[in-house]
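Chemist: Right, I'll just put the structure down here and ask away after.
The values are calculated or read from the model by the stated rules, or taken from the named source; none is laboratory data. None of the values given here were measured: they were computed from a predicted structure. Heads up, the Cβs are rebuilt from the backbone with ideal geometry, glycines too, and the neighbour counts pull from every protein chain shown.
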Amino acid sequence: MNEGFEVFSTHYAARTVLRALIDSLGALKLLSEEEGTIFEVSIQHLPYRSTHLRQLPKLENLLILRVYLGQSYLIPHWKYRIRLGDRLLVSGPPEQVEAFRAVVS
């Protein structure tokens, strides 16, 4: 039965973050900055159910890190067609992420 909980391993999460920091020291800056944090935005607005990623509004100063499709994900490209229910991992200033979320959620 799905209760809406996701289980994760803190050991695995810490190991993954450490590996990312070794591979890219810039990741530490991204994780520690208050200005540019990471958010998840779910596409729920029907006019955007089959729109190219580059056509979404309010993307100025935002970085789309991943597109989650159920349990899998892909690294986005501008030609990707967004579908209803896609979840985007977005980095940027919180007020701009919220403006983007208000349009597509």
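Chemist: Quick one: how many residues across the range 40-53 are surrounded by 16 or more Cβ atoms within 10 Å (Cβ to Cβ) and modelled with pLDDT of 85 or more?
Modeler: Adding up the residues that qualify gives 3.
Chemist: Tally the residues that are under 13 Å from THR51 (Cβ atoms) and part of a loop (DSSP other than H, G, I, E, B), restricting the search to the range 77-104. Don't jump to the end; show me each part of the working.
Modeler: The first filter runs over the range 77-104 and keeps only residues under 13 Å from THR51 (Cβ atoms), leaving 78-84, 86, 88, 103-104.
Restricting the remaining residues to those that are part of a loop (DSSP other than H, G, I, E, B) gives 78-80, 84, 86.
Qualifying residue count, the range 77-104: 5.
Chemist: If we scan the range 22-32, do we find a residue that is surrounded by 14 or more Cβ atoms within 10 Å (Cβ to Cβ), out of contact with any helix residue (DSSP H, G or I) (no Cβ under 8 Å at 6 or more places or on another chain) and modelled with pLDDT of 85 or more?
Modeler: The answer is no, given that none of the residues of the range 22-32 is surrounded by 14 or more Cβ atoms within 10 Å (Cβ to Cβ), out of contact with any helix residue (DSSP H, G or I) (no Cβ under 8 Å at 6 or more places or on another chain) and modelled with pLDDT of 85 or more.
Chemist: If you go through the range 73-102 one residue at a time, how many are touching a residue at least 40 places away in the same chain (Cβ under 8 Å) and among the acidic types (Asp, Glu)?
Modeler: Here the count works out to 1.
Chemist: When the range 66-105 is examined, which residues are found to be modelled with pLDDT of 90 or more, among the charged types (D, E, K, R) and more than 16 Å from GLN44 (Cβ to Cβ)?
Modeler: Scanning the range 66-105 gives ARG66, GLU95.
Chemist: Pairs please, first residue from the range 54-72 and among the aromatic types (Phe, Trp, Tyr) and surrounded by 15 or more Cβ atoms within 10 Å (Cβ to Cβ), second anywhere and in a strand (DSSP E or B) and at pLDDT 85 or above, Cβ atoms under 6 Å, 6+ apart in sequence or on different chains.
Modeler: Between residues of the range 54-72 that are among the aromatic types (Phe, Trp, Tyr) and surrounded by 15 or more Cβ atoms within 10 Å (Cβ to Cβ) and residues that are in a strand (DSSP E or B) and at pLDDT 85 or above, the close pairs are TYR68/ARG87.
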